[in-house]
Amino acid sequence: MALLVVGGLLSQRWLGPIDDEALGTWCTMFVAVVVQSAPFLLAGVVLSALIATLLSARVLRRVVPANPVLAVPVAGIAGVGLPGCECAAVPIAGGLMRRGVAPAVALTFLLAAPAVNPVVLVSTAVAFPGEPRMVVARFLASLATAVLVGWWCLSRGRRLPIRLPRIGAEHPTRRFADSVRHDFLHASGFLVLGAMLAAAANTFVPRTVIETVAGQAVVGVLTLAVFAFVVALCSESDAFVAASLTAFSDTAKLAFLVVGPAMDVKLAAMEAGYFGGAFAARFVPVVVVTAVAMAAAVGCWLL
């Protein structure tokens, strides 16, 4: 952002012909999205680091039923207890697997935790004031996505080619500091990028194009699903970006909110690096398709 400001100051001659009103609108929307969402991002990252550092995975394993079919939805609901970004959920899921938790259960927790935790739900309520149905729809669609994908993983059994990395022990204080620094700096960069793109889409893209895409129910849902996958926003802040896409239907916005935390390009890369490329090649398409389908179904029913 500092480089962008300096570049703008040095190139005022060439920026002169640009519509000042449009540029001002873009700046206003961009700053509003970043300022509104940054506190939720920071809170989520700190809480996630605390849980990852202090909470023993064996506590979660004790409350999960021995029957894996029942353990999958329980793991999805347990995701409420992890207020954090999806960046932190990947290594936590790997740690659960290393401690003996079934892969299907750990992966359900991986999908549910970034999407149904209290920080995400509160930020969604703030981003959509007076629209409690959006909060409920996000919770139900995200939880259904996690549980269905978990049952799919359970049906695959040992055919899922999961490869876990070896991680050495670290001092808890060092692990906490490293987690906060990595997650906040990494996620905030994607937040800035997403805010820039969302503001640009609302300011510079011709309204006729947006209305043509947004006016078609199926195309609008697919468009925002692809947007969520590519932009890779943090789940604590994506609701503010979704709320700014006013031309799209509520169901399309719900697809953006469900697909992003479940699977984006950043998560796909992390999972390929953490669990192996062969696993990601099977897991990623299933998650995306399930998330879109659940968002569309819940959106049509509730919104």
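The values are calculated or read from the model by the stated rules, or taken from the named source; none is laboratory data. This one's a predicted model, so the numbers in the text were calculated from it and none came from an experiment. Neighbour counts are summed over all protein chains in view; Cβ atoms, including those assigned to glycine, are modelled from backbone coordinates with ideal geometry.
Structure notes:
- Restricting attention to the range 138-167, the residues being among the charged types (D, E, K, R) and within 20 Å of the chain's Cα centre (by Cα) number 1.
- Across the range 86-95, the qualifying residues are those that are at pLDDT 75 or above and buried (at least 23 other Cβ atoms within 10 Å of the Cβ), and the one among them that is farthest from the chain's Cα centre (by Cα) is ALA93.
- A search for C-beta distances below 6 Å between a residue of the range 103-127 that is under 18 Å from ALA242 (Cβ atoms) and crowded, with 24+ Cβ neighbours inside 10 Å and any residue that is among the hydroxyl-bearing types (Ser, Thr, Tyr) and at pLDDT 90 or above, counting only pairs 6+ apart in sequence or on different chains, returns ALA115/SER142; VAL116/SER142.
- Any chance GLU271 is buried (at least 16 other Cβ atoms within 10 Å of the Cβ), acidic (Asp, Glu) and part of a helix (DSSP H, G or I): yes
- Residue check for ILE51: of a type in the set (A, V, I, L, M, F, W, C), in a loop (DSSP other than H, G, I, E, B) and modelled with pLDDT under 75: no
- Residue match in the range 184-198 (condition: at pLDDT 75 or above, surrounded by fewer than 22 Cβ atoms within 10 Å (Cβ to Cβ), β-branched (Val, Ile, Thr) and more than 28 Å from CYS300 (Cα to Cα)): yes
So that you can scan it fast, the table gives a plain yes or no per residue for (1) at pLDDT 70 or above; (2) part of a helix (DSSP H, G or I); (3) out of contact with any Leu (no Cβ under 8 Å at 6 or more places or on another chain); (4) under 30 Å from ARG158 (Cβ atoms):
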{"residue": "ALA32", "(1), (2), (3), (4)": "yes, yes, yes, no"}
{"residue": "ALA38", "(1), (2), (3), (4)": "yes, yes, no, no"}
{"residue": "LEU42", "(1), (2), (3), (4)": "yes, yes, yes, no"}
{"residue": "VAL45", "(1), (2), (3), (4)": "yes, yes, yes, no"}
{"residue": "ARG61", "(1), (2), (3), (4)": "no, yes, no, yes"}
{"residue": "PRO65", "(1), (2), (3), (4)": "yes, no, yes, yes"}
